[in-house]
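These notes are about the structure you will find just below.
The values are calculated or read from the model by the stated rules, or taken from the named source; none is laboratory data. Treat the numbers as computed from the prediction; the structure is a model and nothing was measured. For neighbour counting, all protein chains shown are included, and Cβ atoms are generated from backbone atoms with ideal geometry for every residue, glycine included. When the accessible area is computed, the model is the full protein with side chains, heavy atoms only, and any ligands, DNA or RNA have been set aside. Shrake-Rupley method; radii C 1.70, N 1.55, O 1.52, S 1.80 Å.
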Number of protein chains: 2
Amino acid sequence: MIKLNRTTEYGLVAMKHMAKKPGGSATSAREVSDQFGFPFEITAKTLQRLKDTGLIQSLQGARGGYVLARSLDEITLGEFVEKMEGPVAVVNCASGKTESPGCEYSGRCEMTSVMTDLNRRVIQFLSGIRLSELANSEIPVALTRFEDFLGNQPESMKENEKAHLS
Amino acid sequence: MIKLNRTTEYGLVAMKHMAKKPGGSATSAREVSDQFGFPFEITAKTLQRLKDTGLIQSLQGARGGYVLARSLDEITLGEFVEKMEGPVAVVNCASGKTESPGCEYSGRCEMTSVMTDLNRRVIQFLSGIRLSELANSEIPVALTRFEDFLGNQPESMKENEKAHLS
DNA sequence: TTATATACGATAATAGATGTCGTACTTGAA
DNA sequence: TTCAAGTACGACATCTATTATCGTATATAA
């Protein structure tokens, strides 16, 4: 299944929460976990990961917590997913980064290069979406691009795929 | 992790194999499993699923096997993934189809509509890729669109994301 | 009638995601 | 100087989905 991790969701919600927060006050793991009902321990781990990857900064001690290190406008979903879940790899033999662990069938299935390309396209797709787009509005900007996206498809597919979305 | 099922891979390889096969001869599960080294039982199940969803046709009995029911040119990756893995849902609360099983946080995280939109975009993305593109060449057409894709990104992101891909 | 196929359900094994626990360290404020 | 509220971090338990295996029934060409 093509699915995001739950921690990625938690992280996204936390980032949005921090971005909307007035003033420069820090946000604690407890605050996020209480507000959204996420398990505290996991929320804490998620925020630590966000901090380890440089997306937020931590302030230790009482009155401590986390603050955004970068604007949501500067972070793409591609970077975010990669920092939360590791390199994007739609199949094992196609890792966007570093050495791929490979696959016992590589060399026989003859699809490695194709999969690697597909993987790259997925990364590109995710990298075209800024977190600010996902956070700024309930009716996101992306929705208005829907028809544009359809416009990029093969002509013969349009009706077919519109039906799929219903 | 954003990842395809292994059965989806097996199915894709099998479809490509059938498409390349000369004449109208049927392809057995054994043939696919032998040729690519996939586990026989799973290969058989995968082909049955392809048949159940109407992507291929079966011929029972000795000398039986499977043949493509539709041209790879008429099938998009979106449809294929959906038929192999079920409705695309990047998060639980956002299913592209049918009733979503929901999420215990919905109503609190305030991101359902955003996630639903993201999900729709992923579906649209996958629906823009035809299986024939993935099967016809070792250096697929998609690769030549790479720069086009970059062109659709926010200007400020380009250098950033190019670095990501390295 | 036999060998080669598909058809299909039940179930086992594995891996990955998710959640829990325990403990140590840091710091502001009473 | 002590306490409460935080982060930091590793080990481990659990749950779930994927992946694989097994057994059996049915169809059909030779």
**OP:** Could you tell me which residue of region B:31-42 is nearest to the other protein chains (Cβ to nearest Cβ), considering only residues that are assigned to a helix (DSSP H, G or I) and in contact (Cβ under 8 Å) with a residue 12 or more places away in the chain?
**Re:** B:Phe36
Subject >> Unmet criterion (only one of (1) open to solvent by 40 Å² or more (accessible area, probe 1.4 Å); (2) more than 14 Å from DNA strand C (Cβ to nearest atom); (3) of a type in the set (Val, Ile, Thr)) for A:Ile42 >> reply: (2)
Original post:
Somewhere in region A:17-38, is a residue of a type in the set (Val, Ile, Thr), at pLDDT 95 or above and within 18 Å of B:Ile2 (Cβ to Cβ)?
Top reply: no
**OP:** With respect to A:Lys51, determine if the residue is assigned to a helix (DSSP H, G or I), within 30 Å of B:Arg108 (Cα to Cα), basic (Lys, Arg) and more than 11 Å from DNA strand C (Cβ to nearest atom).
**Re:** yes
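Just checking, how many residues over region A:23-36 are open to solvent by 30 Å² or more (accessible area, probe 1.4 Å) and either within 13 Å of DNA strand C (Cβ to nearest atom) or under 28 Å from B:Cys103 (Cα atoms) (or both)?
Summing the residues that are open to solvent by 30 Å² or more (accessible area, probe 1.4 Å) and either within 13 Å of DNA strand C (Cβ to nearest atom) or under 28 Å from B:Cys103 (Cα atoms) (or both) in region A:23-36 gives 6.
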**OP:** Taking only region A:45-84 into account, find how many residues are crowded, with 17+ Cβ neighbours inside 10 Å and either more than 14 Å from DNA strand D (Cβ to nearest atom) or modelled with pLDDT under 95 (or both).
**Re:** 11
Original post:
Tally time: how many residues in region B:57-68 are closer than 14 Å to B:Lys21 by Cα and within 12 Å of DNA strand C (Cβ to nearest atom)?
Top reply: 3
Original post:
Inside region B:72-89, can you point out the residues that are over 12 Å from A:Ile2 (Cα atoms) and either touching a strand residue (DSSP E or B) at 6+ places or on another chain (Cβ under 9 Å) or within 11 Å of another protein chain (Cβ to nearest Cβ) (or both)?
Top reply: B:Leu72, B:Asp73, B:Glu74, B:Ile75, B:Thr76, B:Leu77, B:Glu79, B:Lys83
